[in-house]
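Below is one structure, written out as structure tokens, with a few remarks after it.
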Amino acid sequence: MSKAPAMPKAAPPATPGFLRLIRTVGAAMFGIRGRKSHEQDMPSLSPLQLIVTALVFMLIFVVSVVSIASYVVGQ
């Protein structure tokens, strides 16, 4: 009797690093994220991490735009 070849086990999803999380949210904000990158990142990222990071990014963006506008206007 011969045994069937063993199927390789899938590696567990890597825990996301802080830089990977930043890169994922940044790319999503600009709309330049590829499908392959999306498929690699989604199993390891939690929705809560993504939401919190996106809110922080948006807060930084709004504060930056308001600061630049007030500097240009001269207030």
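The values are calculated or read from the model by the stated rules, or taken from the named source; none is laboratory data. These numbers come from a predicted model, not from an experiment. With ligands, DNA and RNA removed, areas are computed over all heavy atoms of the protein, side chains included. Shrake-Rupley method; radii C 1.70, N 1.55, O 1.52, S 1.80 Å.
Leaving ligands, DNA and RNA out of it, work out the accessible area of Met58 with a 1.4 Å probe and give it in Å² to the nearest 10.
The value for Met58 is about 90 Å².
Would the range 31-75 count as rounded, prolate or oblate if I go by the C-alpha gyration tensor, calling it rounded below 1.5 in a/c and otherwise prolate when a/b exceeds b/c, oblate otherwise?
Because a/c hits 1.5 or more and a/b fails to exceed b/c, the range 31-75 counts as oblate.
Quick one: 3J(HN,Hα) in Hz for the range 29-40, Karplus 6.51/-1.76/1.60 with θ = phi - 60°, rounded, Gly and Pro as x.
Values, residue by residue: 5, 8, x, 10, 7, x, 5, 5, 4, 4, 5, 6 Hz.
Can you give the accessible area of Ser64 in Å² (nearest 10), computed on protein heavy atoms with a 1.4 Å probe?
The accessible area comes out at roughly 50 Å².
Sorted by accessible area with a 1.4 angstrom probe, largest first, how do Ser67, Ser37 fall?
Heavy-atom accessible area, descending, gives Ser67, Ser37.
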